[in-house]
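S.K.: First the structure, then my questions, so here it is.
The values are calculated or read from the model by the stated rules, or taken from the named source; none is laboratory data. This structure is a prediction, so every number in the text was calculated from the model and none was measured. When we count neighbours, we look across all protein chains shown, and the Cβ atoms used for this are built from the backbone with ideal geometry, even at glycine. For accessibility, only protein heavy atoms count, side chains too; no ligands or nucleic acids. Shrake-Rupley method; radii C 1.70, N 1.55, O 1.52, S 1.80 Å.
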Amino acid sequence: MSDALRHHLASLPAGPVPRDDHALDRLLENAWDQLSGGDGGMEGYKIHNRIFNVTWAPPTLAFEIERHGGIVAGGSGYAEIQSWEVNADTAVASLVSSRKQRVRPMQAAVDTEQLAAELAALILAGEKDGRLRLSGDRVQVKMAAVLPSAAKQTTQGRQKRLNAALGIHLGKRGWVRGPGGWWSPRDPEE
């Protein structure tokens, strides 16, 4: 741990650290690689202007930081809030806890049953629609045109439910789902 960070911490009164103390952020950022521990995917450059609930209780500096890995990588509406403690005497950083926090409102629910009924009616009537791809007697649902954009896991769940509901609606009329998600009337020879 740098002497500059130790000196700065020693100058602070015990208790909450005002968030206008950007010197602390810079010093902690620069010293992060010198600390032992520090697992949890944390890197020094992530600290500056992102830590909050900062408390100095000598020799421990405690803070929280919002991590956005799920948002960036998978479109999640949740961020991970990590609680950290840095012991200025031992130069050890410890991840104390981690929790999820919603940072984006949830998307409205999608009524896959209603969508399936509507799409099945179009398919069975042989209607042309921008949400359907036609090839002879085969039809493929353009999922991106039907379902709103969402996190990967949400989209996959909606597609699965929509295909299951389509299977019920179209299956009653002898349609089957084949490779690539193409629906076609069952071959009467089968």
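S.K.: According to a simple spin-label model (label point 7 Å from Cα along Cα-to-Cβ), what is the distance in nm between LEU95 and ARG138?
M.R.: Label at ARG138, label at LEU95, 4.6 nm between them.
S.K.: Now for a separate question. Taking amide H positions as placed 1.01 Å from N in the peptide plane, with prolines and chain starts having none, which residues 5 or more places from LEU132, or on another chain, fall under 5 Å of its amide H?
M.R.: The list, which skips near neighbours in sequence, is LYS142.
S.K.: So if each residue of separation counts as 0.36 nm, and I subtract the Cα-Cα distance between GLU118 and PHE52, what length gain in nm does that give? Present the calculation step by step, with values, prior to reporting the outcome.
M.R.: Working: separation 66, 0.36 × 66 = 23.76 nm, distance 4.89 nm.
So the extension gain works out to 18.9 nm.
S.K.: Keeping all protein chains in place and using 1.4 angstrom, which order do SER149, SER98 fall into by accessible surface area, from largest down?
M.R.: Details: SER149 100, SER98 65 Å².
Largest accessible area first, the residues go SER149, SER98.
S.K.: Using the Kirkwood radius over Cα pairs, work out the Stokes-Einstein diffusion coefficient for region 110-190 at 10 °C and 1.306 mPa s, in µm²/s as a whole number. The partial results should precede the final answer.
M.R.: On the way: Rh = 12.9 Å.
The calculation lands on 123 µm²/s.
S.K.: With Kirkwood radius over Cα pairs in Å as the read-out, I listed (i) 18.4; (ii) 20.8; (iii) 16.3; which label goes with the value calculated from this structure?
M.R.: (ii)
S.K.: In deg cm²/dmol and to the nearest 500, what is the mean residue ellipticity at 222 nm of the chain if only DSSP H runs of at least 4 residues count, each as -39500 (n - 2.57), divided by the residue total?
M.R.: On the way: 6 runs with 63 residues, N = 190.
Only helices count here, giving -10000 deg cm²/dmol.
S.K.: With every protein chain present, what accessible area does THR90 have (1.4 Å probe, heavy atoms only), rounded to the nearest 10 Å²?
M.R.: About 80 Å², ignoring ligands and nucleic acids.
S.K.: To continue, here is another question. If I compute solvent accessible area with a 1.4 Å probe over the protein chains, what percent of it on the chain is carbon and sulfur?
M.R.: On the way: 5590 of 10890 Å².
Percent of accessible area from carbon and sulfur atoms in the chain: 51.
S.K.: Let me ask another. Under 16 Å from the 7 Å Cα→Cβ point of ASP111, by amide nitrogen: which residues of region 121-162?
M.R.: Those under the cut-off are 121, 147-148, 162.
S.K.: Now a separate question. How would PHE52, PHE63 rank on accessible area, largest to smallest, probe 1.4 Å? Before the final figure, lay out each step's value.
M.R.: Details: PHE52 60, PHE63 5 Å².
If we order PHE52, PHE63 from most to least accessible, we get PHE52, PHE63.
S.K.: Moving on to the next point. Mind counting lysine pairs for me in the chain? Cα separation below 23 Å, and the two need to be 8 or more apart along the chain or on different chains.
M.R.: Total qualifying Lys-Lys pairs in the chain comes to 9.
S.K.: Compute the distance in nm between two label points, each set 7 Å from the Cα along the Cα-to-Cβ direction, one at ARG102 and one at LYS128.
M.R.: That separation, rounded to one decimal, is 4.3 nm.
S.K.: In square angstrom, what is the accessible area per residue of the chain with a 1.4 angstrom probe?
M.R.: Numbers: 10890 Å² over 190 residues.
It amounts to 57 Å² per residue over the chain.
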